[in-house]
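The values are calculated or read from the model by the stated rules, or taken from the named source; none is laboratory data. Everything numeric in this text was worked out from a predicted model, so none of it was measured. Glycine also receives a Cβ, built like all others from the backbone with ideal geometry; neighbour counts cover every protein chain displayed.
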Amino acid sequence: MSGPGKLQAGDMWFHDERWRDESGYYVWPFMFSKAPRLSDFYKQNNAGREPLLVWLPGGTVFCVDAMCWEGARLYGGWQVTGEPPLITVSPSINIKGLYHGWIQNGVILDDCEGRTYADN
């Protein structure tokens, strides 16, 4: 992180049980870092660590270990290899309208749809 409270693209952290609302439910987007929303790849290959969240360009939190989603439909997921922070994520991450790109060896690559970001 660049300073107190200031996230930058590529900052990552593990799931934390404190991200619940007053009813005990996980708040968005942290609900994606708990079962049943975790991908089969995570369960089979990375379950030895807590789910990993990344701050993406465009200012959004993304759980790399979650299943893909479109509306209410959950499916598949990403393959996350390497050890944090030097992870590689595939396929591409597409947060429609905000960021579409990859994380390779811990580096957030440029948006493949041409978006640029002044400050994250």
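Details
- Pair list, Cβ under 7 Å, 6 or more apart: segment 36-65 residue within 15 Å of P91 (Cβ to Cβ), other residue of a type in the set (S, T, N, Q) and assigned to a loop (DSSP other than H, G, I, E, B): D65/S39
- Residues of segment 63-95 classified as loosely packed, with under 12 Cβ neighbours inside 10 Å, part of a loop (DSSP other than H, G, I, E, B) and at pLDDT 90 or above, total: 1
- Residue selected from segment 7-56 under the condition under 14 Å from W78 (Cβ atoms) and in a loop (DSSP other than H, G, I, E, B), by the criterion modelled with the highest pLDDT: S39
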